[in-house]
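Reading through the structure tokens given below for one structure.
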Amino acid sequence: MGELLGFLMAAKPVLGAFLCLVGGTLAIIGTVGVLRFPDFYTRLHAASVTDTGAATITIIGMALLAPSWLVVFKLAAIWLFLFLTGPTGTHALANAAHTAGLQPVIGRQRDLAEHAEEDA
């Protein structure tokens with residue numbers, strides 16, 4: 001039992017660093033999605049999903065690297081705040097855009113580009 005606990009304590013910083021890297025990578029992928037997607041709704045979806053997912057994975061990684069339980073508790077409070085306010089804010093933005101009359105892009109991007117060339 002002592003050997004298993006020693007192994008887990010030795011693997012904890014490696015796993016924490018790995019999860020922080022995965023969370024950062026997911027955040028970068030979400031940023032690329034925000035830059036490349038065609039309309040407001042798909043960009044908002046990319047930002048919100050990766051925001052919540054990347055924050056969760058990164059906070060778990062930071063909790064594994066935390067020096068005390070107080071830091072872990074603070075990270076859990078931050079995660080709870082992000083988990084509750086992120087989707088709520090995203091829904092409010094999407095609802096405001098829909099109410100303002102912003103329509104999503106329907107169809108394939110290739111088809112839209114071809115129609116734009118025909119119209120020009």
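The values are calculated or read from the model by the stated rules, or taken from the named source; none is laboratory data. All values derive from a computational prediction rather than experimental measurement. All Cβ positions, even for glycine, are placed from backbone atoms using ideal geometry, and neighbour counts span all protein chains on display.
Points worth noting:
- Contacts under 6 angstrom Cβ, first residue in region 79-91 being closer than 10 Å to Thr52 by Cα, partner in a helix (DSSP H, G or I) and of a type outside the set (Val, Ile, Thr), 6 or more apart: Leu82/Ala55; Gly86/Asp51
- Residue in region 97-112 that is surrounded by 16 or more Cβ atoms within 10 Å (Cβ to Cβ), at pLDDT 90 or above and either under 16 Å from the mean Cα position of the chain (by Cα) or among the hydroxyl-bearing types (Ser, Thr, Tyr) (or both) present: no
- Residue count, region 65-88 (criterion: modelled with pLDDT under 95, of a type in the set (Gly, Ala, Ser) and exposed (fewer than 14 other Cβ atoms within 10 Å of the Cβ)): 1
- Region 66-102: number of residues that are over 22 Å from Val34 (Cα atoms) and part of a helix (DSSP H, G or I): 13
- Test for Gly2: is it touching a Lys or Arg at 6+ places or on another chain (Cβ under 8 Å) and surrounded by fewer than 17 Cβ atoms within 10 Å (Cβ to Cβ): no
- Output for region 12-43, where each listed residue is over 15 Å from the mean Cα position of the chain (by Cα) and under 13 Å from Gly61 (Cβ atoms): Lys12, Pro13, Val14, Leu15, Gly16, Ala17, Phe18
- Restricting region 35-64 to residues that are surrounded by fewer than 17 Cβ atoms within 10 Å (Cβ to Cβ) and aliphatic (A, V, I, L, M) leaves a set whose member that is modelled with the lowest pLDDT is Val49.
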